[in-house]
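All remarks here apply to the structure that follows.
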């Protein structure tokens, strides 16, 4: 009943010729930073702007060219009213209650914390003024984005509302300001839209936490195995190696592990679908969250790999390295001998560097295709080819690069029974590669393909009962 009254009021208002002539004027309730920035952008876009204020005479901060009236007077000048005030101040709108009938109220408010109220601000405003059409929009756009003309990254306007005509009017305004609009559906989505500005890197928290934990753990591990071990057993102080040598061990180790963690949930999901015999059963929540942040895991891994590359480039300039090289050369001269050329070592080092360069090149390609501007320019099959097939190839090359680095170090005596750190880094990638190899074998791949196309394996009871439908694939 309430929705019908709102629709009828809106239709009556739209049929009023006097209001149709005023569609080029926008009313803004609120003269704060956002209201002033919005008014300035609307004026620049060619709209007429009328501000509703408790003190119309105090208008020195408002953009030139805008009118300033009382709330009641301002409500009579426009079909669209932007409510740029906090929820606690909605009560003043009752003064213009009759003049809001049939109008479009655009709620741009945000809260200080999530779930601050039992219902969203837009729904609360809709309950206060059921004869108006409430639209939630522009709360995800900052005042700075409006002042800069929408040239920064904050260009998307999320919109929701129960009246399609009202939403379209707001969409047209967003396009007129050079912004993009995304319709999120009915007013029930207002709570989600209001929570969006309160989120602080939600998909980055787990990857950053994992990276921080791994870096701390492996740094302590290599510190114990190298610096502390040498100080205790040989009495030498090599703590200077912490700054470069140890960092250049930890970063590639963590990068390789995180790259493996990026692809591990995918192979786990494949085996779960094989075990369940269907694609219609939900994955566990922890696996869902893990899969959602795979992009962030990969980008953090790429950042650590880039640090490894930079640390490797400065190795020839280090005082410690130059001192060791000069000492070795002088010793060779004094002893009047030349170290014989080792063809095996030459193959190993060249292969080590070559495989590392190829792996890092593909690493960068994965990172580039993760950018929205690039991923939106390619179709799903191309994106999947790069992120899946080339991604696993990247993991294979980086794993091979680590094997070539270690070579035969695993055969040497362990320090305090602690294996080399690179061996620990190979555990997760090797598990992923082995599981992926199993999944791409023809017999397993065919089964997974059928399941992902809609086929379901029926329970054993239905097969035993001779159910003829159990032998047919279910295609949905």
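The numbers here are math on the coordinates, done by the rules we state, and not lab data. Please read these numbers as outputs of a predicted model, since none were measured by experiment. Don't worry about glycine lacking a Cβ; one is built from the backbone with ideal geometry, like all the others, and counts go over all protein chains shown.
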**Q.** Size of region 205-440 as Cα extents on the principal axes (Å, biggest first)
**A.** 74, 36, 32
Q: May I ask for the Rg/Rh ratio of the chain, computed from Cα atoms with Rh as the Kirkwood radius, given to two decimals?
A: 1.14
Q) By the gyration tensor of its Cα atoms, with a ≥ b ≥ c the square roots of the eigenvalues, what is the shape of region 101-174: rounded for a/c under 1.5, prolate for a/b over b/c, or oblate? A) oblate
(Q) With n ≥ 4 as the cut-off for DSSP H runs, can you work out [θ] at 222 nm for the chain, using -39500 (n - 2.57) per run divided by the number of residues, rounded to the nearest 500? (A) -16000 deg cm²/dmol
Q.
For a test of the definition: using alpha carbon positions, the gyration tensor, and the 1.5 limit on a/c, classify region 193-286 as rounded, prolate or oblate.
A. oblate
Q) Angle, helix 2-15 long axis vs. longest principal axis of the chain, Cα atoms, 0 to 90°, nearest 10? A) 70
Q. Using alpha carbons only, how many degrees (0 to 90, rounded to 10) separate the axis of helix 33-44 from the longest principal axis of the chain?
A. 80
Q) Sorted from largest down, what three extents in whole angstroms do the Cα atoms of region 44-201 have along their principal axes? A) 42, 35, 30
Q. Among 423, 258, 40, which comes first, then next, by fewest other beta-carbon atoms within 10 Å?
A. 423, 40, 258
Q.
Output needed: percent of Cα pairs per 5 Å distance bin for region 278-339, bins running from 0 to the one holding the longest distance.
A. 4, 13, 11, 10, 10, 8, 8, 7, 7, 6, 5, 5, 4, 3, 1
Q) How do 81, 333 rank when sorted from fewest to most other Cβ atoms within 10 Å of their own Cβ? A) 333, 81
**Q.** Ordering of 356-365, 26-35, 223-232 by burial proxy (mean other Cβ atoms within 10 Å per residue, highest first)
**A.** 26-35, 356-365, 223-232
Q) Listing 244, 329, 49 from the residue with the fewest other Cβ atoms within 10 Å to the one with the most, what is the order? A) 329, 244, 49
Q) Relative to the first principal axis of the alpha-carbon coordinates of the chain, what is the inclination of helix 247-276, with its axis defined by its Cα atoms, in degrees from 0 to 90 and to the nearest 10? A) 70
